[in-house]
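The values are calculated or read from the model by the stated rules, or taken from the named source; none is laboratory data. For clarity, every value in this text was computed on a predicted model and none was experimentally measured. Here the Cβ positions follow ideal geometry from the backbone for every residue, glycine too, while neighbour counts run over all protein chains shown. Just the protein is used for accessible areas: all its heavy atoms, side chains included, with ligands, DNA and RNA removed. Shrake-Rupley method; radii C 1.70, N 1.55, O 1.52, S 1.80 Å.
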Amino acid sequence: VVLRPGSVSRQQDPLAGEDGLALASDPVGTLNFLAMVENLQGDSGRGYYLEMLIGTPPQALNILVDTGSSNFAVAGVPDPDVTSYFNTELSSTYKSQGIDVTVKYSQGSWTGVLGTDVITMPKGIDGSYVINIATILESENFFLPGVKWHGILGLAYDALAKPSSSVETFFDSLVRQAKIPNIFSLQMCGAGLPVSGSGTNGGSLILGGIEPSLYKGDIWYTPIKEEWYYQVEILKLEVGGLNLELDCREYNADKAIVDSGTTLLRLPQKVFSAVVQAIARTSLIQEFSSGFWTGSQLACWDKTERPWSLFPKLSIYLRDENASRSFRISILPQLYIQPILGIGENLQCYRFGISSSTNALVIGATVMEGFYVIFDRAQRRVGFAVSPCAEVDGTPVSEIEGPFTTADVASNCVSSVSFHEPVLWIASYALMSLCGIILLVLIILLLIPPRCQHRYTDNDVVNDESSLVRHRWK
């Protein structure tokens with residue numbers, strides 16, 4: 001499908017009851033979305049990555065696609081877990097900005113230096129573009145054994161960019177320089193395939209629009225609540241068709257985000273416990289090890305068996321653009337009971353693709369592999385449609401249904417107070433400064449010689465009203 005200026009692609013608005021039109025503008029020429037189809041490789045255990053050419057002459061690197069962060073960073077020095085790195089000394093177009101940057105993720109962190117260089121994408125938008133690049137000089141638990149990517153492409157908003165939001169993000173640079181629409185879409189095709197397998201599972205990152213061949217049925221949109229992460233509003237969860245009956249604010253504590261860089265579906269602790277109890281209650285397994293639910297143990301069956309029939313469907317309700325309505329995205333057990341490669345000769349072992357979280361509900365690869373996900377930044381919304389590659393043994397493993405009324409949930413399930421990382425840093429520094437001042441005053445008081453201290457005489461009287469003690473000074 002080639003979308004030219006003024007051309008339209010057919011897209012149904014599920015709430016309108018008739019076909020709607022989605023205009024795909026292309027001010028500078030032709031965006032060939034088909035050229036971007038299957039431009040990703042990877043798996044749900046170690047992430048999906050895009051090949052990118054960086055510098056002059058170009059150096060080819062695989063870059064992890066991450067919608068949960070905002071920095072574009074590549075390995076800048078050799079690392080035992082990385083097969084390639086970007087050597088800035090070999091690029092005539094690299095320019096260092098001399099600014100140190102550190103980024104911490106839910107797992108792992110890195111420190112590097114900001115610079116700029118030109119990039120091209122063999123299976124992306126035509127042309128070369130000057131992009132902010134952080135070269136990673138030190139890292140901890142970021143590059144892991146077996147990963148086939150050498151850097152990370154943060155596709156979230158500039159509010160999360162480090163060291164500050166003034167660092168223009170990769171996608172913002174692309175929108176500005178290539179003059180593409182402010183929208184991208186993502187399909188990850190690892191449903192039912194072994195976690196941390198060959199790393200050749202397909203996927204597609206469509207920059208600048210929507211490719212119709214990557215979804216079937218309707219696209220359902222939910223508003224982006226705040227532009228930092230792709231924060232959405234979740235109204236309720238169902239396990240096996242039964243509502244968990246939790247306050248909807250529990251699902252959004254303290255945020256609910258769509259994050260391709262997270263491998264699992266992560267749930268706030270209270271929600272996680274309720275989901276595990278509901279799955280255990282509705283599954284056909286009488287006794288199950290608690291270690292399976294916490295991720296410390298695998299569950300194994302004979303290779304001739306398929307355990308998915310033993311587990312229930314999981315549904316997540318999202319608020320529709322029409323606030324009085326919702327829709328639900330559902331994943332079958334084939335997405336959250338995940339096979340692990342190469343365990344034993346006669347047994348196939350599986351992991352639980354859901355984990356607990358201390359600070360967010362994260363719709364990660366466990367769920368995203370069931371859908372074609374549209375990050376429509378221009379209209380501040382995230383879209384979901386069923387992905388044709390989300391099939392196991394010819395059976396679809398994901399569903400979208402709606403609309404449903406929201407009369408049974410609160411009008412707002414998201415806390416109105418949002419503590420972004422910059423605010424937290426400011427608050428922590430202020431508290432540390434206050435503690436330092438108090439400590440300094442205490443040290444000075446301790447160092448004052450006793451002769452300088454005031455001694456009470458018979459004429460000094462402190463009555464009960466003006467004292468914290470229940471006696472008079474004598």
Original post:
Accessible area per residue, 1.4 Å probe, Å², for segment 195-434: what's the number?
Top reply: 42
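Heavy atoms only, probe 1.4 Å: what % of the accessible area of segment 39-180 goes to carbon and sulfur, would you let me know?
The C+S portion of the solvent-accessible surface of segment 39-180 is 49 percent.
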Original post:
How much accessible surface does Phe171 have with a 1.4 Å probe, in Å² rounded to 10?
Top reply: 0
Subject >> Extended-chain gain in nm, criterion 0.36 nm per residue less alpha-carbon gap, Glu89 and Arg281 >> reply: 63.2 nm
Original post:
If you count, for each residue, the other Cβ atoms within 10 Å and average over each peptide, how do 110-119, 387-396 line up from highest to lowest?
Top reply: 110-119, 387-396
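When only DSSP loop residues count, what trypsin sites (Lys or Arg not before Pro) in segment 77-175 have their Cβ near at most 16 other Cβ atoms within 10 Å?
Those that pass, being in a loop and sparsely packed, are Lys123.
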**OP:** Quick one: how many lysine pairs does segment 195-434 have with C-alpha atoms less than 21 Å apart and a gap of 8 or more or different chains? Give me the count, please.
**Re:** 8
Subject >> Where segment 39-180 is the region considered: accessible area per residue in Å², 1.4 Å probe >> reply: 40
**OP:** For Ser70, list long-range residues whose amide hydrogen, built 1.01 Å from N in the peptide plane, is under 5 Å from its own amide hydrogen.
**Re:** Ala156
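Of all the accessible heavy-atom surface of segment 195-434, with the other protein chains kept in place and a 1.4 Å probe, what percent is carbon and sulfur?
So the carbon and sulfur contribution to the accessible surface is 52 percent.
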Subject >> Residue-by-residue Karplus 3J(HN,Hα) for segment 350-363, coefficients 6.51, -1.76, 1.60, Hz, glycine and proline x >> reply: 10, 10, 8, x, 10, 9, 8, 9, 8, 9, 5, 9, 10, 7
Subject >> Of the GluC sites (Glu not before Pro) in segment 279-340, those whose Cβ has at most 11 other Cβ within 10 Å and which sit in DSSP loop >> reply: Glu287
**OP:** Straight distance only, please: which aspartates and glutamates reach the Cα of Lys95 with their own Cα at less than 18 Å, same-chain residues fewer than 8 apart left out?
**Re:** Asp117, Glu168
